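What follows is a short report on a single structure.
The values are calculated or read from the model by the stated rules, or taken from the named source; none is laboratory data. Given the structure is predicted, the values throughout are model-derived calculations rather than measurements. For neighbour counting, all protein chains shown are included, and Cβ atoms are generated from backbone atoms with ideal geometry for every residue, glycine included.
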Amino acid sequence: MIGKINLVNSFSKEKDAFIYFFFQEDLQKNQDFKNLNQKTNNRLFKKCQQFNFEGKEEEMIVLEEAFNYKILLVVGLGKKNDFNLTKFRDQLADSLRFLAQKKTFRVDLSYFKELGEDYFSLGKNLSLALNLANYCFNEYKSEEEKKKNQPINELQFLLPEKTKEIFEMEKGINYGQVIAQGIYLTRDLVNQPANKVDPDFLENLAFEIEKEAKGKIAVEILDEDECRRLGMNAYLAVGQGSEKKPKFIVLKYKGNQQKEKTKKVCLIGKSITFDSGGLSLKPSEAMETMKIDMAGGATVLGVFKIISQLDKTGLKIEKEIYGILPACENMPSGKAIRPGDIVKTLNGKTVEILNTDAEGRLTLADALVYGEKYLKAEIIIDLATLTGACMIALGEEITGIWGNDEDLIEKFLKLAKNEGENLWQLPLHKPYLKKMKSKIADLKNVSGDRYGGAITAALFLSEFVKNASWLHLDIAGSSFRQKEAKGIISEGATGWGIITLMEFLNKLK
């Protein structure tokens, strides 16, 4: 549920909950904290002593029925030198999620100077905290169960009455709401079961986004016959074992045609709507979450959903942006590809398929060539739940990044850090490419050993990029969280990368 944020210069008489953020070094000297304690008749100090509260990150103290509020929540922010807006955003999201469990519907919060004077960013992060903390996927729950998840309806933020600051914050709040809507879409798609989300479903959703964009976004669908005519045999090979027809989905946003020429950007999302492994069948426990293997494509659709709604925020992206979803399903059948089969890709290179469960790189290979050859993209970013090896290397919360343009990688890393999305560069170590050479074809789709699997997968993809600047993001771990929610990251699908991608598209020259 998208919540409401009101910027106020005094709180309403109806008081539900109040959040007070507190820095570790202010325990003894903060006058506001002392005043707050006086209003609670010294109950706050007593409880801090009882629970050894020091204001460290993630520490919380709760008082009920405190100075006209049903709940007073005091939240530790740690040390001021370590503080930034994204930490505040995540702490606020955790606090709001906690208060929602207490059946709180309106929350009051005051500006404090450490939040800084970038009021647009502050508004954006307030909005992301509220709306992403509110996210809940319960479509298949009973009505009784749905009622147990009541979101925060309203956040009142006390801000000194300054017209410019309020205007900038409102712009940021509106932008944050639009980003949240894109993340909601991505999360919903990834959380949905594969018996609902198939290539046809993704196609229909792309056309819905086109309709919402009112002429700003155009969608083109390449069916099986057109893909075969072009020579996308690697992509088609992956989908040939399924009864679901593949759909190669292309979204186009032209930006401002009067603007001086800027680089064309293409976002490509791996879009395997279910991955059984094909004839190289996965064990059942590894197959349970394979509805998420289209998370890359869902992310691309989330970005285009945001672009379609940008007019509501007063912001514009001037660049030409393309999105590609090579959508298909990887299933075993009498028509499925076999280990040992050889296919010819769109750029003419042949691939020996030794493991049908290394299918995502086959679909991406043809998509990369299409993006550069037919869309004339100068910057290509692919997002893919590509390898378990990346999760072994970096865990479940960090995305791996590779690419052929160090300057572009550095820019993306910096943006991701600023936006609080965990990202780590791994090497595109050329000597490992030898592992991907086949004796009877140009390439094989797996290396044949256990080592460096995320790197060899990236190297395989690099063979299908000729001149474009290219980034590869392996979101196998970061796209889906199996632990409880943390900060703005929900349990289940996360929507990782959308915030950083939007910053990248906005700031790219």
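For (1) touching a Lys or Arg at 6+ places or on another chain (Cβ under 9 Å); (2) on the phi < 0 side of the Ramachandran plot; (3) loosely packed, with under 15 Cβ neighbours inside 10 Å; (4) at pLDDT 95 or above, each residue gets a yes or a no:
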site	(1), (2), (3), (4)
Glu224	yes, yes, no, yes
Arg228	no, yes, yes, yes
Gly241	yes, yes, no, yes
Lys245	no, yes, no, yes
Val250	no, yes, no, yes
Given (1) within 20 Å of Arg228 (Cα to Cα); (2) crowded, with 16+ Cβ neighbours inside 10 Å; (3) of a type in the set (Phe, Trp, Tyr), index of the condition Trp402 fails
(1)
Checked the range 132-179 for anything within 24 Å of the chain's Cα centre (by Cα), within 20 Å of Ser110 (Cβ to Cβ) and assigned to a helix (DSSP H, G or I); matches are Ala133, Met169, Glu170, Gly172, Ile173, Gly176
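Given the residues Ala365, Ala393, which is the only one that is in contact (Cβ under 8 Å) with a residue 60 or more places away in the chain and buried (at least 19 other Cβ atoms within 10 Å of the Cβ)? Write out each step before concluding.
Values: Ala393 fails: buried (at least 19 other Cβ atoms within 10 Å of the Cβ).
Just a single option satisfies the conditions, and that option is Ala365.
Let's see how each residue does on (1) in contact with a helix residue (DSSP H, G or I) (Cβ under 6 Å, 6 or more places away or on another chain); (2) under 20 Å from Ile498 (Cβ atoms):
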site: Ala377; (1), (2): yes, yes
site: Ile381; (1), (2): no, yes
site: Thr387; (1), (2): yes, no
site: Glu396; (1), (2): no, yes
site: Gly400; (1), (2): yes, yes
site: Asp405; (1), (2): no, no
site: Glu410; (1), (2): no, no
site: Lys414; (1), (2): no, yes
site: Asn418; (1), (2): no, yes
Of the listed residues (Lys261, Lys252, Lys216), the one being touching a residue at least 60 places away in the same chain (Cβ under 8 Å), over 22 Å from the mean Cα position of the chain (by Cα) and over 30 Å from Gly388 (Cβ atoms) is Lys216
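If you take the residues in the range 87-113 that are aromatic (Phe, Trp, Tyr) and surrounded by fewer than 18 Cβ atoms within 10 Å (Cβ to Cβ), which one is nearest to Glu165 (Cα to Cα)?
The first filter runs over the range 87-113 and keeps only residues aromatic (Phe, Trp, Tyr), leaving 88, 98, 105, 111-112.
Right, trim to surrounded by fewer than 18 Cβ atoms within 10 Å (Cβ to Cβ) and you get 105, 111-112.
Working: Phe105: 26, Tyr111: 12, Phe112: 14 Å.
Among them, the one singled out is Tyr111.
This table checks each residue for (1) more than 18 Å from the chain's Cα centre (by Cα); (2) within 14 Å of Ala457 (Cα to Cα); (3) at pLDDT 95 or above.
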| site | (1), (2), (3) |
| --- | --- |
| Leu383 | no, yes, yes |
| Ala389 | yes, yes, yes |
| Leu394 | no, no, yes |
| Asp405 | yes, no, yes |
| Leu415 | no, no, yes |
| Asn418 | no, no, yes |
Output for the range 253-291, where each listed residue is within 28 Å of Glu320 (Cα to Cα) and of a type in the set (A, V, I, L, M, F, W, C):
Val265, Cys266, Leu267, Ile268, Ile272
Members of the range 85-131 found to be closer than 20 Å to Glu419 by Cβ and among the hydrophobic types (A, V, I, L, M, F, W, C), listed by number
Leu85, Phe88, Leu92, Ala93, Leu96, Leu115, Phe120, Leu122, Leu126, Leu128, Ala129, Leu130
The correct count of residues that are in contact (Cβ under 8 Å) with a residue 24 or more places away in the chain and either over 27 Å from the mean Cα position of the chain (by Cα) or not assigned by TED's automatic domain parsing to the domain that holds Asn52 (or both) in the range 77-100 is 2
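So, Ile489, is that one under 30 Å from Tyr374 (Cβ atoms), out of contact with any Pro (no Cβ under 9 Å at 6 or more places or on another chain), crowded, with 19+ Cβ neighbours inside 10 Å and of a type in the set (Val, Ile, Thr) or not? Even if it seems obvious, please write down each step before you answer.
Working: under 30 Å from Tyr374 (Cβ atoms): no; out of contact with any Pro (no Cβ under 9 Å at 6 or more places or on another chain): yes; crowded, with 19+ Cβ neighbours inside 10 Å: yes; of a type in the set (Val, Ile, Thr): yes.
No, not satisfied.
Residues that are more than 30 Å from Thr262 (Cα to Cα) and surrounded by 20 or more Cβ atoms within 10 Å (Cβ to Cβ): does the range 431-440 have at least one? Before the answer, list the steps.
Our first condition is that a residue be more than 30 Å from Thr262 (Cα to Cα); within the range 431-440, this holds for 431-440.
Subset that is surrounded by 20 or more Cβ atoms within 10 Å (Cβ to Cβ): 436.
The answer is yes, given that some residue of the range 431-440 is more than 30 Å from Thr262 (Cα to Cα) and surrounded by 20 or more Cβ atoms within 10 Å (Cβ to Cβ).
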